[in-house]
Amino acid sequence: MEEKKKNYRVDKKVVINLVKNSLAKIEGIYSLKKNLWREEIKIKEKETEMEIELGLIVKEGCYIPQIVQQAQKDVKEEIEKTLGIPVTKINIRIRGIKSLKRTNQGG
Amino acid sequence: MRIYQKILWVIGIVVLGILSVGTILVITEVIPRFVIIGVLTTLHEEMMISLISFIVFGFFLGLAIYLPFTLKREEDGVFVSLKNPQGEVEISQKAICEFIQRIGKEIKGVEDVKASIKPGEEGMDVFLSLSTWAEGEIPRLIDEVQTTVKNYLNQTIGVESVREVKVKVNRILYKKEGDEKKA
């Protein structure tokens, strides 16, 4: 459950929270895709670096490649700045495009 | 899901059904127990029948293990990849189809849209089946649907090349006189 890096350890929950915080700040992202038990975030630990896989639901009306690029940049920067662990790859799967009109009508 | 997978699913379901019915018939004694005992004895004693049964039920066991994976593969396998230097980016075909259906329904004159896509090396093919209202010219409506879908795929999802948007009109709906008056 825990990530090792040199002389300190970082719990995966910490990484997940950092990822969530970064994504929450991006306008075009609606949410992380929720699976049966948890959200779709996979952290792959390597010796001194990590890879992240995310499943996202984006908002309609945004240019998806731009949102994805923003998400990759922000998550990478947040983790590297806060934890000092290099992030080599952030793989993203878009699982849905949320219609905001429908949400507004529903709410 | 491919055709052979559908056939395997049908085989699996039929076998499950037969086993269930057989078990119920034995429990309710519609099939006498001595028949079952006789069959089992034959299986035990006849080498050839025993071997065939082993192969057949081995196949069913393999089927029981394999079939759940066909669902998993289908869920995971249908993604459209976008180019990105910072990592792999994929969009599920389901998300794209739902999106196309939603924007299609927003076009005036369209009642319902069913969409499917086929990504290829030369570009993405989109297949739409429409239910439309009998108002205005249908060729013009189809043209509008094709242009709108193409533009949205390009401007929202980032699909650079949409090769073709094939449209099939499945139904034309007529408004009742009362509805027109209300409108």
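Pairs, please: C-beta under 8 Å, at least 6 apart or cross-chain, first residue touching a residue at least 60 places away in the same chain (Cβ under 8 Å) and in region B:5-23, second in a helix (DSSP H, G or I)?
B:Gln5/B:Thr70; B:Leu8/B:Leu63; B:Leu8/B:Tyr66; B:Leu8/B:Leu67; B:Leu8/B:Thr70; B:Trp9/B:Leu67; B:Trp9/B:Thr70
Does B:Lys105 satisfy the condition of being closer than 24 Å to B:Lys175 by Cα and touching a Leu at 6+ places or on another chain (Cβ under 9 Å)?
On the way: closer than 24 Å to B:Lys175 by Cα: yes; touching a Leu at 6+ places or on another chain (Cβ under 9 Å): no.
Spelling it out, it is not the case that B:Lys105 is closer than 24 Å to B:Lys175 by Cα and touching a Leu at 6+ places or on another chain (Cβ under 9 Å).
Of the residues B:Glu121, B:Glu29, only one is loosely packed, with under 15 Cβ neighbours inside 10 Å and closer than 30 Å to B:Asn170 by Cβ; which?
Testing whether each residue is loosely packed, with under 15 Cβ neighbours inside 10 Å and closer than 30 Å to B:Asn170 by Cβ leaves just B:Glu121.
Would you confirm whether or not region A:41-60 contains a residue that is more than 9 Å from chain B (Cβ to nearest Cβ), part of a helix (DSSP H, G or I) and within 12 Å of the chain's Cα centre (by Cα)?
no
If a residue has to be in contact (Cβ under 8 Å) with a residue 40 or more places away in the chain and not small (Gly, Ala, Ser) to count, how many in region B:115-152 make the cut?
Number satisfying all stated conditions: 14.
What's the number of the only condition in (1) facing chain B (nearest Cβ under 10 Å); (2) at pLDDT 90 or above that A:Gln70 fails to meet?
Going through the list (1) facing chain B (nearest Cβ under 10 Å); (2) at pLDDT 90 or above, A:Gln70 breaks only (1).
So B:Tyr174 ticks every box in (1) in contact (Cβ under 8 Å) with a residue 40 or more places away in the chain; (2) more than 25 Å from A:Pro65 (Cβ to Cβ); (3) touching a strand residue (DSSP E or B) at 6+ places or on another chain (Cβ under 7 Å) but one. Which box is left unticked?
Result: B:Tyr174 fails condition (3) only.
Please tell me if A:Ile90 is surrounded by 17 or more Cβ atoms within 10 Å (Cβ to Cβ), out of contact with any Ser or Thr (no Cβ under 6 Å at 6 or more places or on another chain) and more than 10 Å from chain B (Cβ to nearest Cβ). Before you say what the answer is, go through the steps one by one.
Values: surrounded by 17 or more Cβ atoms within 10 Å (Cβ to Cβ): yes; out of contact with any Ser or Thr (no Cβ under 6 Å at 6 or more places or on another chain): yes; more than 10 Å from chain B (Cβ to nearest Cβ): no.
For A:Ile90, the condition - surrounded by 17 or more Cβ atoms within 10 Å (Cβ to Cβ), out of contact with any Ser or Thr (no Cβ under 6 Å at 6 or more places or on another chain) and more than 10 Å from chain B (Cβ to nearest Cβ) - is not met.
Looking at (1) in contact with a helix residue (DSSP H, G or I) (Cβ under 9 Å, 6 or more places away or on another chain); (2) over 20 Å from A:Ile67 (Cα atoms), which is the one condition that is false for B:Gly120?
Unmet condition: (1).
Under the condition of being within 21 Å of A:Leu100 (Cα to Cα) and aliphatic (A, V, I, L, M), which residue from region A:11-40 is nearest to the chain's Cα centre (by Cα)?
Ranking the qualifying residues of region A:11-40, first place goes to A:Leu23.
Among the residues in region B:152-168, are any modelled with pLDDT of 90 or more, more than 30 Å from A:Asn35 (Cβ to Cβ) and touching a Ser or Thr at 6+ places or on another chain (Cβ under 6 Å)?
Among the residues of region B:152-168, at least one is modelled with pLDDT of 90 or more, more than 30 Å from A:Asn35 (Cβ to Cβ) and touching a Ser or Thr at 6+ places or on another chain (Cβ under 6 Å), which makes the answer yes.
Within region B:125-160, track down each residue that is of a type outside the set (Asp, Glu) and within 14 Å of another protein chain (Cβ to nearest Cβ).
Answer for region B:125-160, where residues must be of a type outside the set (Asp, Glu) and within 14 Å of another protein chain (Cβ to nearest Cβ): B:Thr148, B:Val149, B:Asn151, B:Tyr152, B:Leu153, B:Asn154, B:Gln155, B:Thr156, B:Ile157, B:Gly158, B:Val159.
Take the residues of region B:36-94 that are within 14 Å of chain A (Cβ to nearest Cβ) and over 24 Å from the mean Cα position of the chain (by Cα): which is modelled with the lowest pLDDT?
B:Lys83
Give the residues of region A:73-87 that are surrounded by 21 or more Cβ atoms within 10 Å (Cβ to Cβ) and more than 10 Å from every other protein chain (Cβ to nearest Cβ), sorted by residue number.
A:Ile79
The values are calculated or read from the model by the stated rules, or taken from the named source; none is laboratory data. In this text the structure is predicted, and so the values were computed from the model without any measurement. Cβ sites come from the backbone with ideal geometry, for glycine too, and all protein chains shown count toward neighbours.
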